[in-house]
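Trainee: Structure below; questions to follow.
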Amino acid sequence: MYFILVLLAFLFGGIKSSEVHQVHYLLCNEGPNTVTGVAISPCEPIDIDGFSSCIFRRGTRIRVQATVFAPFSSSSLVTEAVTHAGREEFPLPFTGSNPCVENMMPACPMKAGLYYIFTYYIDVPRFYPSGRTTITFTVRDARNKERIVGCVKLHVLVR
């Protein structure tokens with residue numbers, strides 16, 4: 001099932017398979033264990049602390065796709081994305097803060113027990129500092145922020 005969903009996303013999303021890289025991710029301390037895979041495109045593969053990850057080039061647009069098994073049904077979702085610099089968190093500029101409208105396949109309403117692909121585009125600013133960072137993506141129920149669809153942390157290198 002996961003393979004079919006990812007294949008469809010690539011076919012309809014216009015991504016060449018050679019540009020896509022499956023990356024290791026960490027689950028967040030909060031929320032259910034529902035994420036089954038994360039892919040990044042374009043990706044220059046790099047090993048960070050034994051984990052397969054990517055280099056994010058400043059001035060580029062990065063596509064992040066996550067396959068998630070829906071833990072509950074919802075017709076309204078929100079996405080949060082933050083990057084970590086030291087002990088500080090900064091909101092990350094990305095497209096698609098409302099997954100139901102902009103970046104979810106199949107579209108809302110989300111039904112419990114089905115797989116969904118969430119797609120986000122991150123524009124990496126030219127002025128963003130170089131170095132390692134962690135990005136946290138969280139998808140929540142818009143009506144009850146305590147209900148988390150999925151949450152992952154990605155280690156990346158910005159250059």
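The values are calculated or read from the model by the stated rules, or taken from the named source; none is laboratory data. All values derive from a computational prediction rather than experimental measurement. Cβ: placed from backbone, ideal geometry, glycine included. Neighbour counts: every protein chain shown. To get the accessible areas, we keep the full protein, side chains included, count just its heavy atoms, and leave off ligands, DNA and RNA. Shrake-Rupley method; radii C 1.70, N 1.55, O 1.52, S 1.80 Å.
Trainee: Pull out the extension gain between L114 and E19, defined as 0.36 nm times the separation in residues minus the alpha carbon to alpha carbon distance; nm, one decimal.
Mentor: 31.5 nm
Trainee: Choose one answer from R132, R140, R63: the residue with the largest mean-square fluctuation in a GNM of the chain with alpha-carbon springs under 10 Å.
Mentor: Per the Cα network of the chain with a 10 Å cutoff, R132 tops the list.
Trainee: May I ask for the distance between the Cα centers of segment 79-124 and segment 27-54, given as a whole number of Å?
Mentor: Centre-to-centre distance over Cα atoms comes out at 14 Å.
Trainee: Ok, one more. Between the DSSP loop rule and a limit of at most 15 other Cβ atoms within 10 Å, which GluC sites (Glu not before Pro) in segment 72-159 are left?
Mentor: For GluC sites (Glu not before Pro) across segment 72-159 that sit outside H, G, I, E and B with at most 15 neighbouring Cβ atoms in 10 Å, the list reads E146.
Trainee: With a Förster radius of 30 Å, plug the Cβ-Cβ distance of F72 and T134 into 1/(1 + (r/R0)^6) and report the FRET value to the nearest 0.05.
Mentor: Details: r = 27 Å, r/R0 = 0.89.
That gives a FRET efficiency of 0.65.
Trainee: Largest first, how would D47, D141, D123 line up by accessible area (1.4 Å probe)?
Mentor: I get D47, D123, D141, largest accessible area first.
Trainee: Before rounding to the nearest 500, sum -39500 (n - 2.57) across all DSSP H runs of length at least 4 in the chain and divide by the residue total; then give [θ] at 222 nm in deg cm²/dmol.
Mentor: Counting only the DSSP helices, I get -2500 deg cm²/dmol.
Trainee: Then there's this: For the chain, with every protein chain kept in place, what is the accessible area per residue (1.4 Å probe, Å²)?
Mentor: 52 Å²
Trainee: Along each of the three principal axes of the Cα atoms of the chain, give the extent in whole Å, ordering the values from largest to smallest.
Mentor: So the three principal-axis extents are 39, 35, 27 Å.
Trainee: So how much slack lies between E102 and K153, counting 0.36 nm per residue of separation and subtracting their Cα-Cα distance, in nm?
Mentor: 16.2 nm
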